[in-house]
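Step one of this worksheet: look at the structure below.
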Amino acid sequence: MSDHRPSQRVSLEKAIRALRGLWDTQRAHTTLRDAGHEPEEKHTRQILRDLASSGLLVKVQDRPVLYRTEPMNE
């Protein structure tokens with residue numbers, strides 16, 4: 001049986017775009033689990049870094065790491 005779920009990155013990106021606000025590893029990890037994934041914490045952190053590199057998130061705190069979504073341009 002094939003698995004047709006979107007990738008973890010796609011799932012998390014959709015959630016971040018919909019929910020906005022502040023994101024840390026725990027929130028991202030919980031969101032991925034709720035979407036049916038079995039994320040590893042290390043991979044979740046990498047996805048957050050990738051989404052920050054793409055401009056979707058901005059790092060606002062180093063330790064613990066905390067990101068926020070970019071303001072919507074309306």
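The numbers here are math on the coordinates, done by the rules we state, and not lab data. Predicted, not measured: the structure shown is a model, and the values here were computed from it. Neighbour counts run over all protein chains shown; Cβ positions are idealised from the backbone, glycine included.
Observations on the structure shown:
- Among the residues making up segment 1-26, those that are in contact (Cβ under 8 Å) with a residue 24 or more places away in the chain and of a type in the set (Gly, Ala, Ser) are SER11, GLY21.
- Scanning segment 11-42 for residues that are outside any helix (DSSP H, G or I), within 17 Å of VAL65 (Cβ to Cβ) and out of contact with any Lys or Arg (no Cβ under 6 Å at 6 or more places or on another chain) yields GLY21, TRP23, ASP24, PRO39, GLU40.
- Of the residues making up segment 53-68, not a single one is under 12 Å from the mean Cα position of the chain (by Cα), in a helix (DSSP H, G or I) and surrounded by 11 or more Cβ atoms within 10 Å (Cβ to Cβ).
- Checklist (1) part of a helix (DSSP H, G or I); (2) surrounded by fewer than 11 Cβ atoms within 10 Å (Cβ to Cβ) applied to ARG45, failing item: (2)
- Taking residues in segment 27-44 that are in contact (Cβ under 8 Å) with a residue 60 or more places away in the chain, and partners anywhere that are assigned to a loop (DSSP other than H, G, I, E, B), not one pair has Cβ atoms closer than 9 Å while being at least 6 places apart or on different chains.
- Selection of segment 45-67 for residues being in contact (Cβ under 8 Å) with a residue 24 or more places away in the chain, in contact with a strand residue (DSSP E or B) (Cβ under 9 Å, 6 or more places away or on another chain) and not hydrophobic (A, V, I, L, M, F, W, C) yields only TYR67.
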